[in-house]
Structure formats: structure tokens, C-alpha cells
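Some notes on the structure that comes next.
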Amino acid sequence: MRSFSRFIKKHLLIFIGIILAILILDVVLFVLVFQGTVYNLGSSSPGKVTAETVNAFTIQDGVYELRAEQENVLHDLNVWGMVIDAGGSVVWSYALPEEIPLTFSISDVSEFSRGYLKSYPVFTEKIDNSLLVLGYPQDSYIKITSNTLPYNTPFTVMWYCIGIFFLDILLLFIAYTVSKRQISKNIDPIINSVSKLSKGQPVNIQAKGDLEEIGDSINATSDILINKDTARANWISGVSHDIRTPLSMILGYADRITHSSEATGQIREQADIICKQSVKIKGLIEDLNLASQLEYDMQPLNKETFSVSKLLRKIAVDYMNNGLPDRYTLNLEMDTTRQYMMNGDRALIKRAIENLLHNSVNHNPDGCNINTTLVQKSGRISIVVTDDGVGVSQEKLNNILNTPHYMNSKKNTKELQHGMGLHLVRKIVLSHEGEIKISSENGKGFCVELIFMAENN
Amino acid sequence: MGIGINKYRTVIDMDYLKEKKILLVDDEPEIIKMVTSILNDDGFVNIVAAKSYEEAIQVFETTQPDIAVLDVMLPDGDGFQLAGKIREKSDMPIIFLTAKGEAEDKFDGLRLGADDYIVKPFFPQELVLRIHAILKRCYKEENPVLQLSGCTVDFSKAEVIKENDIYPLTAKEHNILETLYRNAGRIVTIDALCEAAWGDNPFGYENSLMAHIRRIREKIEPNPSKPVSLLTVKGLGYKLVVPNKR
């Protein structure tokens, strides 16, 4: 999310830059387009020509004489001229069109001096006591006839321009903020889903408008991921299913040979090994299947409220009834007046505890004392399974605690492949929002504590 | 037939159960062959088998078995359907023996009124013990007398005969002793015994259970303070030791 606002801020800067560039471009374009006109206004503006013409006159005894060079100028510009004396009579003229009268009243003068004479734009200048009038060709200039402004108008215009400038900036900023908010509103769910997706969780976003396509692609990606997970879980479950029947046969016959009176002692021993290894495979495929089901959320927890003390007694008794060799002892410690109720998937919790007992038995072939303690304290149930067996070294313990299981790892080193059993225990505990603590020391046994929320009863 | 006599096999102390007809349904002939020999070794003699849904229905109708062991995946249907079909006509116990191990399948099976569910691969011993337990539970009216070292228990009359004296059993003592007997040679948890005596989800009956156990011992044990038949497994439960039984 932070990177996103940085992204937006970067865009704000670019946005401001673009506005400045546009302003500069506007000025440059204005200069380029109107440069000629402005120049024209400078060199041969009617005002200038009129003033030059006035200076090119010689007046002697009321007779006006224009110098020939200036007449050529007027000719080149296609301009006619005349001088009107104080009485209103034309006393001098040059190329005067026919339709122009030769006498003018004061009101006539007042009228044309502001604008046009017979639709010729005319420019006037005082000369001696008379008036010089230059007529430019029709349609050559526009004269603004009503150019009266109140005195303070230029100031108002200045303030208006400044005001408009800031108003525009404000409007742009509002537009920017609104569009940013709009984009955020649409993009936020997409960003959230993408980050969810990266954690492997399924998403379904309902994006509208321009982002609908992106939303659909993300949904499709999520579907593909889920399908892959489903396919993987189904594959594991299929393989473990197919292994079960042949393994039944191996286990069944090996067990029969183990107990057969017709077989020799050595054969029976070997059959017993086949039996034990088959049981290992049996446990492995069950763990693998369960772990993959939990991993990909394929199996919903069948939660119920049950008594952990009852469950522990049942597990211990099953273990003993199934022939726990004498070199192992299994001891339960709990307050028998309590029920230790919790809410969870009974079968999975059973599996987790069984796996811990299995580990103690399997890693201590020479026997050990296994102690299971059940404690309920401040709303939590703690199940501690300890043995006084061989334990593991600090290094190996770190390995167990910190390296991902090979099911979750891309690496392919042997070190990663620690037991499936403990991995499943961890998965089960986490799926119950519980806690798992593992400790061990070389030669000083192995201890696992599982902590779950107790159910108030 | 078979490889030999199993050391661990349950000694035939209830002959009538061995006469029960077992229907085996599995599409894998090798499994049928193996399970048949396991059951034969254990003394079961009446075993009928079928390899498909259709065949199973046919065998079921012609042979009237007493217990069915069904596979779930059959070439022409599934075991759950088969169980439903059987249930329409018979209340005989049904055990699923299947390679499908997912919890949901288990629930499907048990919801259909199956009595047990065994996931492959399984120990022959496990299958035999479960069939025994279920047969004993379902056909218990046929087992009236239990011979213990030092006394005889007649469950049908709810009495103990010890040294020519007759001690009547109360209903609770009867239930407790019967539960122990059905699991003879195996530890039964305190919880299971309380359930047998006081019904579902009992709690806080541990002391009452101890009192009942003491009274049962007074009736069945030659020396109640040194029990030889009804043993305590500390913190877990009790075990009934039946002669000739492990």
C-alpha cells in the first residue's frame, strides 16, 4: 500500500510538471503566432504613418504641400489622405475616393474620427489648426469604437487573472484528488487480493468499470491456484488410496508369517521386519494424506466439544492394548476431577497425540518412559508429551524448528526431510489456532507441548 | 488352509460366534483370499464372498449372513449403497473395510448405520478383534456363561457362582462386568465403563465406579484385596483376565 501512495505522489509531481510545461508552451506559441502582427504594428502602424505624414507637410500661407517620398509611402500602402481646415472644408487631398465629401460638419468629424468614414478605417492627427485624415483600405483594420473602460478596470482584470489562476489550480487539485480517490477505491481491493494471492489464499473480487478486466484475471489466477492445489491434494489422496490395498496384503501376510508356527525363527523375524516397515508406510501415507488435506484446506475441521482427558485415556489404552513392549512405560498425569473440555476436531487431535507417542517409541528402540501431562490454566489446555529417551542435538532441534518441511520447500537437501509426523502435528495444532513448543537435548529426552483454548464448561 | 496357527489368535471360548456367517465383499480377489484365510485361522468357518455389488446382493439374499465386511469401492456400485440396500432387509452388523481413509467417508459409512470402519492397510489381528467385538455385542443374548479363575458368571441370570455360593449382580455391576468381558484381555477406560453403567457422557462417576468395581471383586475374586481377574490399570481403566485369553 505504501508503494502505491508513492506511486501516486510521483504522479502528482509529473502532473504539476505537465501543467507548467503547457503554460510555457502556450506563451511560446503565442509569441510565435503573433510575433508578425506585433512587428507590423510597430513598423507601419497607422498611428506612426499618420505622424510621419504630418511631419512631411510644408505649409505656406494656408497651402499644404506633402513631400513626394511620403506620397509614395501612402501610395504603397494604398492609403488616401485629406486635410480639413477649421471651417470643415477639404484643403488638401491625396487619392481621395469619389464617395468622400469635400466638406464636413463638426458632428461628421466627431463621428468618423472614432471609426470609419464610408467604411474606410480612418486615422486622424492634428496639423496646424487643421485635421489630417488618412483613410486605409476597406477591411484592412478593425477599429474598436466603444473602447471606454471604468478607471479601475485594469486592476480588476489583474486581480481577476490572479484569482482565476488560483481557482484553476484549486480545481485541478480537486480533480486530481477525486480521481486519485476513485482509482484507490478501485485498485485497493485488487492490491489486497494480489497480496492475499501471494500468501496462497483464494480470492474473489468484484471489480467494476475499467478495472473489471484486471479483477477477472486475478480471479482466474486464484481459480488456477486452487485447482492446482486441489489437483495436488487429489493426486496425493489418489496415490495413498492406491497404495492401501497392496499394502494390506503385504502387512496381512507378513503378520501371518510372523505368527506362523510353520516358519522358522529367522523367517519370522524377517517377516516381522516387513510388518514393521509396512506399518511405517501405513503411517506415512496417512500423515501425508492428512497433511496435504490440511495444507490445501481441503478438509474442513469437524469441530465438536470433547474431553481431552477421556481422549488421552483412550489413546493410552489403545496403545497398551495393541501391545506396547515392556521396555516402554506410558504414564498419564492429570487432575481426575476435571474434564479438560476443548472444541476441535477430535480425530485430528487424536492423530497429533498419537504421532507424538509414535515418535517417542520409534526414536527410542531401546525403550523409554513416556509421560503425558494434562494441565488446564487460565483458559488454556496444555498437553505435554515427554520422554526420557535419546533426544536430539541442539543443531537437529533447530533444524526441526526452523527449516520448512520438504512439502513446503523448493530445496531438495536431505536435512530438510525431517519427519512427516511432527510436521502433521504442527499443521493440526495451527489449524486449531493452538501453539506448539518443542524442546530437547541430546540424551535428555524429547518434549512437545501442545496448547489449545479450553472450552468453558 | 492358512499358514499356521496364530500365536495371538483368540482361543475359541465362544464357539457359537465362530458359527456366524460372514459376508465378505471386495473387488480384489487377493484381499478376499487373504481375509478368508485370516478368519479361517481364527476359527470362523462360514464365510461367503462376493466381488461386486450385484453378486453381493445375490449372495446376501441366498445365504442370509450374520455380519458383513464391505469394501467401499466396487466395480458396479459403492459399499455405502450396498449397506443401505442390506439395511432395508436386515439389521445385521456391517463393517466397512476400505482403502478410502478420508474422514468424510468415515462419517458417510457410520451415518449409514455401519458398526465399524477399518481403513486399509490393517492388521489381521485388528480385523479379527473387531469382528469378535461386534459379534459379541450384537449376538450377546446367546452367551450366557463366563468361566473365570475362581468363579463362573452367568450373564443371562445376572449372577456369580463362587464356591457353590450364588451372588446376584446389580444392573450396573452386570453392565460393567459385561463391558469388561466383551473386551476381555484388553484395558477398558474408566470413561467407557462409566458410559456402560450410567449412559452417554457421564462425568464425576469415577468414585462410584471404584465402589462398584470393589463390589464386583467381592463377588468374583477369591481374594478381593488381591484381584487376579479384574485388574486395575492405574489412571486409565480396568482389565478383565479370562483364563486361556491373553
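Check the straight Cα-Cα distances from A:K208 and name the aspartates and glutamates below 20 Å, setting aside those fewer than 8 residues away within the same chain. Partners within reach: A:D188, A:D216, A:D223.
For the pair segment A:129-186 and segment A:260-291, the centres of their Cα atoms are 97 angstrom apart. Between A:V178 and A:W159, the distance separating the two model label sites (each 7 Å from Cα on the Cα→Cβ line) works out to 2.9 nm. Cross-link partners of B:K100 among lysines, defined as those whose alpha carbon lies under 16 angstrom from its own and excluding same-chain residues fewer than eight positions apart: A:K282, B:K120. When the GluC sites (Glu not before Pro) in segment A:65-125 are filtered for DSSP coil states and for at most 10 other beta-carbon atoms within 10 Å of their beta-carbon, the remaining sites are A:E98, A:E99. Across all Cα atoms of segment B:14-78, the radius of gyration (one decimal) and Dmax (whole number) stand at 11.6, 37 Å.
Restricting to Cα pairs below 8 Å that are 6+ residues apart, what does the relative contact order work out to for chain A? Please round to a whole percent. Present the calculation step by step, with values, prior to reporting the outcome.
Working: 512 pairs, mean separation 37.9, N = 457.
Rounded, it is 8 percent for chain A.
Placing pseudo-labels 7 Å out from each Cα toward the beta carbon at A:L32 and A:I438 gives an inter-label distance of 7.4 nm.
At q = 0.07, 0.12, 0.14, 0.17 Å⁻¹ the log10 of I(q)/I(0) for chain B amounts to -0.28, -0.77, -0.98, -1.24, computed by Debye summation with a single uniform scatterer per C-alpha, solvent ignored.
Computed on segment B:144-240, the Cα convex hull volume stands at 89 Å³ per residue.
Mean Kyte-Doolittle of at least -0.5 and a Cα length of 24 Å or more along the axis: which whole DSSP H helices of chain A meet both?
Working: long enough: A:2-44 (63 Å, 1.44); A:153-198 (64 Å, 0.83); A:212-258 (66 Å, -0.14); A:265-295 (44 Å, -0.18); A:346-363 (25 Å, -0.33).
What comes out of the filter, once short or polar helices are dropped, is A:2-44, A:153-198, A:212-258, A:265-295, A:346-363.
Once you charge only the Cβ atoms, +1 for Lys and Arg and -1 for Asp and Glu, what is the size of the charge dipole of chain A about its Cα centre, to the nearest 20 debye? Dipole about the Cα centre, nearest 20: 3040 debye.
The convex hull drawn around the Cα atoms of segment A:302-453, when projected onto a plane and averaged over every direction, covers 9.5 nm².
Of the residues A:H423, A:G88, A:V73, the one whose Cα sits farthest towards the positive end of the charge dipole of chain A is A:H423 (charges of +1 on Lys and Arg Cβ, -1 on Asp and Glu Cβ, taken about the Cα centre). Taking chymotrypsin sites (Phe, Trp or Tyr not before Pro) across segment A:115-185, the ones in a DSSP loop with at most 12 further Cβ atoms lying within 10 angstrom of their Cβ are A:Y151. Going 7 Å from the Cα of A:N362 along its beta-carbon direction, which residues of segment A:258-296 have the amide nitrogen within less than 13 Å of the resulting point? Backbone N within reach: A:276-289.
Compute the long axis of helix B:29-41 from its Cα atoms, compare it with the longest principal axis of the Cα atoms of chain B, and write down the angle in degrees, 0 to 90, nearest 10. Once rounded, the angle reads 30 degrees.
Taking the Cα atoms only, what angle lies between the long axis of helix B:53-63 and the longest principal axis of chain B, rounded to 10 degrees? Compared with the principal axis, the helix lies near 50 degrees. Between A:L77 and A:K199, the modelled labels are 8.3 nm apart [label points 7 Å from Cα along Cα→Cβ]. A helix-only calculation puts chain A at -19000 deg cm²/dmol for mean residue ellipticity at 222 nm, using -39500 (n - 2.57) for each DSSP H run of at least four residues, averaged over all residues. Overall shape of segment B:15-141 was characterised from the C-alpha gyration tensor. The equivalent ellipsoid obtained from it has semi-axes of 19, 16, 15 Å, in decreasing order. Comparing A:N219, A:S237, A:I315 along the charge dipole axis of segment A:169-319, the residue lying farthest to the positive side is A:I315, per the Cβ-charge model.
Above 40 Å, the calculated P(r) of the protein assembly as shown contains 57 percent of its Cα-Cα pairs. Straight Cα distances below 30 angstrom link A:K48 to the lysines A:K118, A:K126, A:K143, with same-chain residues fewer than 8 positions distant left out.
Across the options B:N183, B:L169, B:V228, the greatest Cα extent toward the positive end of the charge dipole of segment B:144-240 (unit charges at beta carbon of Lys, Arg, Asp, Glu) belongs to B:V228. Of the residues B:K89, B:K219, B:K234, the one that moves most in a GNM of chain B with alpha-carbon contacts below 10 Å is B:K234. Magnitude of the charge dipole for segment A:302-453, about its Cα centre and with charges confined to Cβ atoms of Lys, Arg (+1) and Asp, Glu (-1), is about 480 debye.
Using packing as a proxy for protection, rank B:67-75, A:437-445 so that the peptide with the highest average count of other Cβ atoms within 10 Å comes first. Intermediate results must be reported in sequence, preceding the final value.
On the way: B:67-75: 21.3, A:437-445: 15.1.
Packing order, densest peptide first, comes out as B:67-75, A:437-445.
For A:K276 and B:E30, what does the FRET efficiency come to when R0 = 22 Å and r is the distance between their Cβ atoms, rounded to the nearest 0.05? After rounding to 0.05, the efficiency reads 0.50.
Here the Kirkwood formula puts the hydrodynamic radius of segment A:144-271 at 22.8 Å, using every distinct Cα pair.
Based on the Cα gyration tensor of segment A:14-135, what are the three equivalent ellipsoid semi-axes, each the root of five times an eigenvalue, rounded to whole Å and given largest first?
Details: eigenvalues 331, 54, 28 Å².
Equivalent-ellipsoid dimensions as semi-axes: 41, 16, 12 Å.
Just to be sure I understand: with springs between alpha-carbon atoms less than 10 Å apart, which residue in B:F155, B:F80, B:F123 has the highest mean-square fluctuation in the Gaussian network model of chain B? Taking springs between Cα atoms under 10 Å, the residue moving most is B:F123.
Each value in this text was obtained by applying a stated rule to the coordinates, not by laboratory testing. Values in this document were obtained by computation on a predicted structure and should not be read as measured data. Ideal geometry is used to build each Cβ from the backbone, glycine not excepted, and the neighbour counts take in all protein chains shown.
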